[in-house]
Each structure stands twice: as C-alpha cells, then as structure tokens.
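*Asks:* Handing you a structure now.
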Ligand code: FE
Ligand code: MN
C-alpha cells in the first residue's frame, strides 16, 4: 500500500495515498462528498485550518477584563449622558447583531459547505459570536444596566431595525433544502456570504466600533473599549474567513461570477453603506466624541471599498483616504504588550501541554 505523509502542527500523519487523494479530490466548498466522518485530513483548504488556529490563539474571556474603572466612571460626573447613551446603543445593537451572525453561520453557511475543515473554522466563528454576546452580558451586569432598555434601543430605532432587516431576511430565505447545483442557488449562497462577511461584519459594524473606540481613546470606559478591541480583532478574522470562502466558492463555480452578479454585489454594498450612513446621521452623536459626521461617513466609504477590493470588486470611491488612521492603529493589537498578553500565553501553554500529554499516551 502506497502511503503519503502529512505534517501538521508538528505531528505526522500517514494516510493511504489513493484514499487520501480521492478524499482530497472529493472536497469542495459546496457539493463535495457527503460523509458522516469529520475527515479533516487531508486538508484542502489550508487557509481555513490556519485561521482556526489563529482564532483559537486569540481566545479571550470577558471576565479577564476588569470593569472597576468603567463602573466608577459610569456613576460619576466625568461621563455625560450622551456618552452613556453611546454605550447603551453599542450594547443594544451588538446584542442583536452578534446573535444574527452566529445564527446565520449555524443554520445557513455551516450547513451548506461540505469540506470538514470549513465546518471546523465556522464552528469556531460561531463560538466567537457567543463570546462577543457574552461580553455584552458582562458589560450589562457590571454596570447594572437594565437589559430591556438596551434591547429597546434595538427595537425602537428605525435605522437599526432597517440594518438588521437587511441581513435577517436574506438569512431566513436560505433556511431550507436548496439545490446547490443550480447557479441561482449558488449565487444566493454567495450573496449571503458577501452580505454577512463584507457588508455586515465588514462594514456596518464599524460605525459603532468607531464611536466606542473614540471614547476609549479619551480614556472613557477602558474595560468596554478593551473588549471591543478584542471583538474587532476577532471580526477581522471573520471577514477574512468569509472572504476566502467566497473566493474559493467562485473559483470552483465560475458560473456564479457573472457580470450581472458582480454588479448585484456592488449594489448590495451600496445599500449597506447607505443604511450605515443613515444610522450614523440619525443616531450617532459623533460630535460628542469629537469627530465630524462628514469624516465618519467617509470612513464608512473607505472601509466598504477595502471590502469590495478584497473580493475582487471595484472600489466605489477609490480616492478616499482613511480619515481616522488612529482607529486602524487602535484595532491593530497584535504588537501591543498588555496585561492580557500574559493570559493569552497561558491559554496557548495550556493547549500545548495537552498535546505533550497526547504524545505520551
Ligand atoms: Fe462578533
Ligand atoms: Mn463576527
């Protein structure tokens, strides 16, 4: 029997070459081999496995972040009512949005993809949405907020309702048996992946992220700001996951990528941007955090263009510069040393210890 050796994460696997090649060949983003076995090896989509590993290395728990200073500030004259309102708005919007994203992964995307390594990384993605949702619970309980008041912001504000309806209706429509050999159905899935990854997580999250990080920059609510920074670091992996998923889906199914479909995705992004700008104009007291509404809207254009280019579509405003370079810097927490780095190392150590034990068994 001819064998083939794979080395992954310092471990070596030997597989029957013929079987491994057949399994590899049968792996597809969609319409791959249906199997009850979670055959991650041989890996075809290496980006998925690598993303899974880096997402796991970024693991964080809300309770690791102290909220004492936030609580002191919340009840003091240091913080204005508008600033409190921004925090409640952030908690209200993301409480709904994180759930909508997680739900779409579990009921739509993870259901329809066929390669196990894709299901693996999507499971981690869904879990990260749980961590984000849990961080909001932790904020609510630490500050002693009324959760229904935060929920009401989501229910009562028309521009938030519109933003959520924009994604929820698409996700609902895909919860059924669909024949993914038909181009129109493949396009429906591709549209869903673009909508959630690039329009929602990739663009529409950034209005409130910007508001909360502006407060953080002024030393307001350091615990909440820190949690949002970790959330943002996770979101950048989610955007990358869905970007890769779309690109490989299109590569394997070129019938999806017609000119009309590309235009449709661009239109979808335009709609997402219009909804986000409407939300910013109606709801976000940007002046209260020292920003201009005009620059804030330019920032959304700038982010949306990065998302479009990421999936090979043309930018809508190619000459727009990032009006908030500090925001990009604040989102980049890879280099930063802080109390949390020690903790991350601990998680990683714990898992490497486990694999040492494995080897000894
Ligand atoms: Fe999230
Ligand atoms: Mn996410």
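The values are calculated or read from the model by the stated rules, or taken from the named source; none is laboratory data. Keep in mind that this is a model prediction, so the values were computed, not measured. FYI the Cβ positions are ideal-geometry reconstructions off the backbone, even for glycines, and counts take in every protein chain you see.
*Asks:* Here are some residues: 304, 274. Which one is modelled with pLDDT of 95 or more, out of contact with any helix residue (DSSP H, G or I) (no Cβ under 9 Å at 6 or more places or on another chain) and part of a helix (DSSP H, G or I)?
*Replies:* Details: 304 fails: out of contact with any helix residue (DSSP H, G or I) (no Cβ under 9 Å at 6 or more places or on another chain).
None of the other options fit; the residue is 274.
*Asks:* Here is a further query. Under 8 Å by Cβ, and 6 or more places apart or on different chains, what pairs join a residue from the stretch 196-219 that is farther than 19 Å from residue 294 by Cβ and more than 12 Å from ligand 1 (Cβ to nearest atom) with one that is at pLDDT 95 or above and part of a loop (DSSP other than H, G, I, E, B)?
*Replies:* Going by the 8 Å Cβ cut-off, the qualifying pairs are 198/311; 212/221; 215/221.
*Asks:* So how many residues does the stretch 307-333 have that are assigned to a helix (DSSP H, G or I) and modelled with pLDDT under 95? I'd like the intermediate steps shown before the answer.
*Replies:* Let us first name the residues in the stretch 307-333 that are assigned to a helix (DSSP H, G or I), namely 307-310, 325-331.
Those still in the list that are modelled with pLDDT under 95 too: 325-331.
Residues that pass the stated criteria total 7.
*Asks:* Just wondering, is there one or more residues in the stretch 121-129 that are away from ligand 2 (no atom under 12 Å from the Cβ), assigned to a helix (DSSP H, G or I), at negative phi and at pLDDT 95 or above?
*Replies:* Pass one, the stretch 121-129, residues away from ligand 2 (no atom under 12 Å from the Cβ): 121, 123.
Add one more test, that the residue is assigned to a helix (DSSP H, G or I), and what stays is 121, 123.
Still in the list and also at negative phi: 121, 123.
Those left that are additionally at pLDDT 95 or above: 121, 123.
The answer is yes, given that some residue of the stretch 121-129 is away from ligand 2 (no atom under 12 Å from the Cβ), assigned to a helix (DSSP H, G or I), at negative phi and at pLDDT 95 or above.
*Asks:* If you don't mind, there's one more thing I want to ask. Only one of (1) touching a residue at least 40 places away in the same chain (Cβ under 8 Å); (2) over 26 Å from residue 169 (Cβ atoms) is not met by residue 316, so which one is it?
*Replies:* Unmet condition: (2).
*Asks:* Further question: Any residue in the stretch 131-151 that is within 16 Å of ligand 2 (Cβ to nearest atom), under 30 Å from residue 33 (Cβ atoms) and either in a helix (DSSP H, G or I) or within 15 Å of the chain's Cα centre (by Cα) (or both)?
*Replies:* Taking the stretch 131-151 as the starting set, the residues that turn out to be within 16 Å of ligand 2 (Cβ to nearest atom) are 131-136.
From what is left, the residues that are under 30 Å from residue 33 (Cβ atoms) are none.
So far as the stretch 131-151 goes, no, none of its residues is within 16 Å of ligand 2 (Cβ to nearest atom), under 30 Å from residue 33 (Cβ atoms) and either in a helix (DSSP H, G or I) or within 15 Å of the chain's Cα centre (by Cα) (or both).
*Asks:* Suppose we filter the stretch 120-138 for residues that are more than 14 Å from ligand 1 (Cβ to nearest atom) and crowded, with 17+ Cβ neighbours inside 10 Å; how many remain? It would help to see each step written out before you state the result.
*Replies:* Initially, the stretch 120-138 is screened for residues more than 14 Å from ligand 1 (Cβ to nearest atom), giving 120-121, 123, 138.
After this cut, where a residue has to be crowded, with 17+ Cβ neighbours inside 10 Å as well, the list is 120-121, 138.
Result for the stretch 120-138: 3.
*Asks:* Scan the stretch 233-244 and give yes if some residue there is away from ligand 2 (no atom under 15 Å from the Cβ) and under 27 Å from residue 165 (Cβ atoms), otherwise no. Break it down into steps so the answer makes sense when it comes.
*Replies:* Going residue by residue through the stretch 233-244, those that are away from ligand 2 (no atom under 15 Å from the Cβ) are none.
Checking the stretch 233-244: not a single residue is away from ligand 2 (no atom under 15 Å from the Cβ) and under 27 Å from residue 165 (Cβ atoms).
*Asks:* Residue 298 - would you say it is part of a loop (DSSP other than H, G, I, E, B) and within 19 Å of residue 281 (Cβ to Cβ)? Even if it seems obvious, please write down each step before you answer.
*Replies:* Working: part of a loop (DSSP other than H, G, I, E, B): no; within 19 Å of residue 281 (Cβ to Cβ): yes.
Judged against the criteria, residue 298 is not a match.
*Asks:* Also, quick follow-up: Hey, residue 235 hits all of (1) within 30 Å of residue 29 (Cα to Cα); (2) without any contact (Cβ under 8 Å) to a residue 60 or more places away in the chain; (3) surrounded by fewer than 16 Cβ atoms within 10 Å (Cβ to Cβ); (4) touching a helix residue (DSSP H, G or I) at 6+ places or on another chain (Cβ under 6 Å) but one; which does it fall short on?
*Replies:* Just one mismatch for residue 235, condition (3).
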